[in-house]
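Remarks on the structure that follows.
The values are calculated or read from the model by the stated rules, or taken from the named source; none is laboratory data. Quick caveat, the model's predicted, so the values are computed rather than measured. For neighbour counting, all protein chains shown are included, and Cβ atoms are generated from backbone atoms with ideal geometry for every residue, glycine included. Ligands, DNA and RNA are stripped out before the accessible areas are found, and what is left, the full protein with its side chains, is counted by its heavy atoms. Shrake-Rupley method; radii C 1.70, N 1.55, O 1.52, S 1.80 Å.
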Amino acid sequence: MIAFKHSYAELPSPCFARVNPTPVSAPQIIKINTKLATKLGFDLDYFKTSDATKIFSGNSVSENSKPIAMAYAGHQFGNWVHSLGDGRAILLGEIDTPEGVRFDIQLKGSGKTPFSRQGDGRAWLGPVLREYIVSEAMHHLGIPSTRSLLTLTTGDIVYRERPLPGAILVRVSRSHIRVGTFQYFYARNDYNSLKRLADYLINRCYPEIKYARNPYLALLESIVERQIKLVVQWLGVGFIHGVMNTDNTSLSCETIDFGPCAFLDKYHPEKVFSSIDFNGRYSFSNQPKIMQWNLTQFAATLLPLIDSNVDVSKKLANEALSEISDLYETHWLEIFGAKLGIKTPNTNDHNLILEFLTAFQSAGCDFTKAFRILSELEFDAITYKAFEPIAENPQSLLHWLNKWKDRLYTLALPDLDRRKLMQRSNPWIIPRNHQIELAIQESLEGDYFRFNNLVEALKKPYKRQIKYAAFSKPPRSNEIVTKTHCGT
């Protein structure tokens, strides 16, 4: 029996709705994240039992589980929605690892809840596999992320544009509390629940600030820094979230909700993949601005808690938000400086990095491959000719490459150490959009070979793995993915 805890369910009842998963006809586990399962304290033999299949498909409720759907609101593409909540996800409970770290265990695609609105509460196999691939890839890239413990097929059909096989993802997170969770209570002037929620989040995820002079201001400051760093980490690997709504902004500061997400192939700062992002609100380069906007919405919900005097509260919150620009610059320089072999970048390196990205764009370079090529070139071999396999106009890199070499001359860093630093900062492999789509299409035919191999390859993203070389290649012209879709 799983030793579920239910600390979130001890909050005021408006925070959630009690609901059991809806049973499915023929559940079957298709992927077990064995390392994560072990970390969480599971005996791997448990997943061979019918009990595990029943619990994680929603066909049975564990004796000590009290399933809930969490309530939240949110701004979706900037538009306020008063009530959203978990429309197709159910929190089974929380478990403590052998080291004493607490994680949520949630079923995604487990049936209707009171927050489903017009939805069916289900997920089909494609988005489930996409989230498994990308969330695990993010983790191994060193980027905070929710994780995937299991994927299951349900034996049922889900209707989207066409009939599709149903599936369930078992998602693991430090917490599923979002900016939208705070907005839900702030919009209702329910400041008692708001305070209880803030205290809970501090105890759960930020215990180090529990005894700060002003813990609610400290909460804002902590989340501001972590969210800004998170987005810069996204930029560093060319990741586009696709739906950075406030209800998709985790306050445990993990990447969450891998719907129409994608990774850059050729570099373009305004690139959008999401089929529903018609105006480019969540484009690649717009992500830092959107995170600042989301953090401002979060700060607004904390005003009643930061200080009883509204003017004082606004002043303190604005001071915390005013740090965003400097924090962004610091983290951006750190991450992109390392990507270019500059261990301690200075403000003058800002323009050098920007010029490189502009040169990338002019050359038509693949984002990931271009950085990786730089990281593997010995100093004397740095030439635009090295980029001919992955660029349309490699000669346009010549001017920048000379400037970069001049900068490298000034570094007290042996060339081998420079390349090692860069190879730790520039992945050899990412979840290529076309490979994800191929894995999904083959899985729909019952062939999980590509999916399983892709997951394995992404466990060591910074290491050159010859056996998985095909997964590292940019797409051919007929393989390019231009649009990605939300699973609902």
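You can think of it this way: the chain between residue 159 and residue 26 has 46.2 nm of extra reach, that is 0.36 nm per residue less the Cα-Cα gap.
Helix 125-140 axis versus longest C-alpha principal axis of the chain: approximately 60°, rounded to the nearest ten.
Coordinate range of the alpha-carbon atoms in the chain per principal axis, descending: 66, 61, 43 Å.
Enter the Cα centre distance for the pair segment 1-74 and segment 359-431, rounded to the nearest angstrom. Segment 1-74 and segment 359-431 have Cα centres separated by 46 Å.
Annotation: extensible slack from residue 7 through residue 460 equals 159.6 nm (criterion: 0.36 nm per residue apart, minus Cα-Cα distance).
The alpha-carbon of residue 420 sits under 18 angstrom from the alpha-carbons of these lysines, leaving out residues fewer than 8 places away in its chain: 339, 343, 369, 405, 460, 463. For segment 107-187, the set of GluC sites (Glu not before Pro) satisfying both a DSSP loop assignment and a count of at most 15 other C-beta atoms within 10 Å is given as 161. With both labels modelled 7 Å from their Cα along Cα-to-Cβ, the residue 347 to residue 192 distance reads 5.1 nm. Across the options 440, 451, 462, the greatest Cα extent toward the positive end of the charge dipole of segment 375-479 (unit charges at beta carbon of Lys, Arg, Asp, Glu) belongs to 462. Does segment 187-250 come out rounded, prolate or oblate, given a ≥ b ≥ c as the square roots of the eigenvalues of its C-alpha gyration tensor, rounded meaning a/c under 1.5 and, failing that, prolate meaning a/b above b/c? Oblate, because a/c is 1.5 or more while a/b does not exceed b/c. FRET efficiency for the pair residue 354 and residue 470, taken as 1/(1 + (r/R0)^6) with r the Cβ-Cβ distance and R0 = 56 Å, rounds to 0.95. By how many degrees, 0 to 90 and rounded to 10, does the Cα axis of helix 367-376 deviate from the longest principal axis of the chain? For helix 367-376, the angle is close to 60 degrees. Working note: 222 nm ellipticity from helices only, DSSP H runs with n ≥ 4, each -39,500 (n - 2.57), summed and divided by the residues of the chain, gives -12500 deg cm²/dmol to the nearest 500. The order of 486, 253 by accessible area, most exposed first and with a 1.4 Å probe, is 486, 253.
Its residue count N sets the reference 2.2 N^0.38 Å, and the alpha-carbon radius of gyration of segment 1-142 equals 1.09 times that reference.
Taken about its Cα centre, segment 260-329 carries a charge dipole of roughly 260 debye when the Cβ of each Lys and Arg holds +1 and the Cβ of each Asp and Glu holds -1.
For GluC sites (Glu not before Pro), the sites in segment 428-483 that DSSP calls loop and that have at most 13 other Cβ atoms within 10 Å are 445. With Cα atoms defining each centre, segment 149-165 and segment 441-488 are spaced 20 Å apart in the structure.
For the chain, a crude dipole built from +1 on the beta carbon of Lys and Arg and -1 on the beta carbon of Asp and Glu, taken about the Cα centre, is about 440 debye to the nearest 20.
Remark: the residue 408-residue 385 segment gains 6.4 nm on full extension, using 0.36 nm per residue and subtracting the alpha carbon distance. Per residue, the accessible area of the chain comes to 42 Å², computed with a 1.4 Å probe over protein heavy atoms only. Here each label is just a point 7 Å from Cα along the line to Cβ, and for residue 38 and residue 76 those points are 4.1 nm apart. Here r is the Cβ-Cβ distance between residue 362 and residue 314 and R0 is 51 Å; the resulting FRET efficiency, rounded to 0.05, is 0.70. Spin-label model, residue 51 to residue 325: label points 7 Å out along the Cα-to-beta-carbon direction sit 5.9 nm apart.
Can you work out the FRET efficiency for the pair residue 376 and residue 482, with r the C-beta to C-beta distance and R0 = 30 Å, to the nearest 0.05? It comes to 0.50. Within the accessible area of segment 66-144, the carbon and sulfur atoms contribute 51%, probe 1.4 Å, all protein chains present. Taking the alpha carbon gyration tensor of segment 96-241, multiplying each eigenvalue by 5 and rooting it gives semi-axes of 31, 21, 15 Å, largest first.
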